[in-house]
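These notes concern the structure reproduced below.
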Amino acid sequence: FLVGSGEFRFRTLARWPQLPDGYQWLEVAAVATNSRHEVVIFNRGEHPVIICDAEGRFLKSWGEGAFVRAHGITIGPDDAVYCCDDLDHTVRKYTADGELVWKLGTSGVPSDTGATSIDYRTIRYAGPPFHYPTDIALSAEGDLFISDGYGNARVHRFSSDGRLILSWGEPGAGPGQFGVPHGIGVHRDGQVYVADRENSRIQIFSQQGVYLDQITDLARPSSFTWDPDGNLYVAELGYRAGLWPGTTAPYEGAPGGRVTILDPQRNVITRWGGGEQPTAPGDFFAAHDIWIDACGDLYVSEVNWTAGVNRGLMPAGCHCLQKFVRMRNPLAAKGTP
């Protein structure tokens with residue numbers, strides 16, 4: 001099944017990979033690849049970190065019993081694995097083999113923001129780290145940028161050794177304000193991009209937290225990544241999954257989960273999905289994370305259980321990790337531009 005268009009055409013592998021007997025996941029919160037071309041799958045099952053090769057062959061797992069709920073993941077240049085555990089209110093660094101290096105935050109203890117639940121609308125004021133942290137990114141210099149989250153409305157910048165440098169943001173919809181800062185990344189020019197999901201935009205900041213610009217025409221972006229040419233790939237939750245109680249889609253026919261690719265000038269190159277057939281290959285119900293590997297192939301994870309199955313909106317067993325194989329010569333490099 002093919003998706004996309006032109007030079008951005010992909011072959012869909014909807015049930016990738018195949019897990020060994022005794023392994024399953026409830027849903028996949030995030031996915032990343034390392035320098036060994038291994039795929040690191042951060043999921044909400046009994047084996048929270050599952051590692052496969054690029055063909056989907058199981059290699060190993062780790063992290064059993066260590067996480068309350070998987071959320072965001074990224075891989076460092078040394079293949080260290082950085083994980084956000086949103087319901088534990090912590091961010092952790094592991095070696096590539098799953099040995100804990102450090103933990104930021106206090107397990108089970110949220111910071112004071114006045115929030116009374118995971119519903120971001122209960123936040124009364126911005127607070128320190130962490131209250132349901134969502135994602136983590138690294139700068140070229142090794143600083144950590146963490147989006148925080150459902151119970152906060154902040155971005156926190158830490159040094160590589162875990163020292164808090166600064167924080168910015170507050171609840172709201174204006175420039176520099178957030179309605180669920182959900183995904184984060186550092187561009188090769190050093191600017192910090194934040195998927196401001198409930199405001200349906202990606203905001204752009206300096207590393208000092210100064211608001212610079214925003215990208216709109218997005219449907220609740222959850223996560224994003226870049227290819228080596230500077231094209232931006234966005235996973236969008238859309239308006240058919242994970243709507244907060246009392247909210248509705250902004251207009252009739254508003255799209256569901258989808259992927260959008262934008263060129264460096266922010267023009268839409270192609271889109272696919274939209275949630276018309278969310279269980280079909282290439283479509284999505286609750287697109288949550290996106291990653292591009294060294295060959296230009298995409299991985300898109302979904303949280304369909306949380307957003308749909310346990311609400312009676314989706315059948316159990318629907319896909320929650322799809323691979324999209326780029327239909328042209330492999331790209332030469334990986335990761336952010």
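Here is a yes/no grid of residues against (1) under 21 Å from the mean Cα position of the chain (by Cα); (2) within 30 Å of ASP229 (Cβ to Cβ); (3) in a loop (DSSP other than H, G, I, E, B); (4) of a type in the set (A, V, I, L, M):
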residue	(1), (2), (3), (4)
GLY4	yes, yes, no, no
ARG15	yes, yes, yes, no
LEU19	no, no, yes, yes
GLY22	no, no, yes, no
LEU26	yes, no, yes, yes
ALA32	yes, yes, no, yes
HIS37	yes, yes, yes, no
GLU55	no, yes, yes, no
ILE73	yes, yes, no, yes
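Conditions tested, residue by residue: (1) of a type in the set (A, V, I, L, M, F, W, C); (2) assigned to a strand (DSSP E or B).
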| position | (1), (2) |
| --- | --- |
| ALA66 | yes, no |
| ASP78 | no, no |
| TYR82 | no, yes |
| LYS103 | no, yes |
| GLY108 | no, no |
| SER111 | no, no |
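The listed residues are PHE67, PHE145, and the only one of them that is surrounded by 15 or more Cβ atoms within 10 Å (Cβ to Cβ), under 14 Å from ILE184 (Cβ atoms), under 20 Å from the mean Cα position of the chain (by Cα) and not aliphatic (A, V, I, L, M) turns out to be PHE145.
The listed residues are HIS47, HIS37, and the only one of them that is free of Cβ contacts under 8 Å to residues at least 40 places away in the same chain and surrounded by fewer than 22 Cβ atoms within 10 Å (Cβ to Cβ) turns out to be HIS47.
Out of ILE123, ILE136, one residue alone is within 21 Å of the chain's Cα centre (by Cα) and either within 17 Å of CYS84 (Cβ to Cβ) or crowded, with 19+ Cβ neighbours inside 10 Å (or both). It is ILE136. Between ALA254, ALA280, ALA173, the distinction of being open to solvent by 60 Å² or more (accessible area, probe 1.4 Å) and of a type outside the set (Ser, Thr, Tyr) belongs to ALA173 only.
Taking the condition out of contact with any strand residue (DSSP E or B) (no Cβ under 8 Å at 6 or more places or on another chain), closer than 26 Å to SER159 by Cβ and open to solvent by 30 Å² or more (accessible area, probe 1.4 Å), does ASP78 pass?
Values: out of contact with any strand residue (DSSP E or B) (no Cβ under 8 Å at 6 or more places or on another chain): yes; closer than 26 Å to SER159 by Cβ: yes; open to solvent by 30 Å² or more (accessible area, probe 1.4 Å): yes.
Here the answer is yes, as ASP78 does meet what is asked.
If you filter the stretch 283-302 down to residues that are of a type in the set (Phe, Trp, Tyr) and in a strand (DSSP E or B), you find that the one that is least open to solvent (accessible area, probe 1.4 Å) is TYR299. Scanning the stretch 217-247 for residues that are assigned to a loop (DSSP other than H, G, I, E, B), closer than 21 Å to GLY174 by Cβ and either aromatic (Phe, Trp, Tyr) or under 18 Å from the mean Cα position of the chain (by Cα) (or both) gives LEU218, ALA219, ARG220, TRP244. Residues of the stretch 203-216 that are in contact (Cβ under 8 Å) with a residue 24 or more places away in the chain, assigned to a loop (DSSP other than H, G, I, E, B) and either of a type in the set (Val, Ile, Thr) or out of contact with any Ser or Thr (no Cβ under 8 Å at 6 or more places or on another chain) (or both): GLN208 alone.
Within the group ARG266, ARG271, which residue is at pLDDT 95 or above, on the phi > 0 side of the Ramachandran plot and open to solvent by 20 Å² or more (accessible area, probe 1.4 Å)?
Within the list ARG266, ARG271, the selection yields ARG266.
Among residues of the stretch 19-34 being free of Cβ contacts under 8 Å to residues at least 40 places away in the same chain and of a type outside the set (A, V, I, L, M), the one that is surrounded by the most Cβ atoms within 10 Å (Cβ to Cβ) is TYR23.
Name the single residue that is nearest to TYR94 (Cα to Cα) among those in the stretch 160-189 being part of a loop (DSSP other than H, G, I, E, B) and in contact with a helix residue (DSSP H, G or I) (Cβ under 7 Å, 6 or more places away or on another chain). Working first, answer last.
Going through the stretch 160-189, the residues part of a loop (DSSP other than H, G, I, E, B) turn out to be 160-163, 169, 172-176, 179-180, 187-189.
Imposing the further condition that a residue be in contact with a helix residue (DSSP H, G or I) (Cβ under 7 Å, 6 or more places away or on another chain) reduces the set to 173, 179-180.
Values: ALA173: 35, GLY179: 29, VAL180: 26 Å.
If we take residues in the stretch 160-189 being part of a loop (DSSP other than H, G, I, E, B) and in contact with a helix residue (DSSP H, G or I) (Cβ under 7 Å, 6 or more places away or on another chain), then VAL180 is nearest to TYR94 (Cα to Cα).
The values are calculated or read from the model by the stated rules, or taken from the named source; none is laboratory data. Remember, predicted model here, so these are calculated numbers, not experimental data. Glycine gets a Cβ as well: all are built from the backbone with ideal geometry, and neighbour counts include every protein chain shown. Surface accessibility is based on the protein's heavy atoms, side chains included, excluding ligands, DNA and RNA. Shrake-Rupley method; radii C 1.70, N 1.55, O 1.52, S 1.80 Å.
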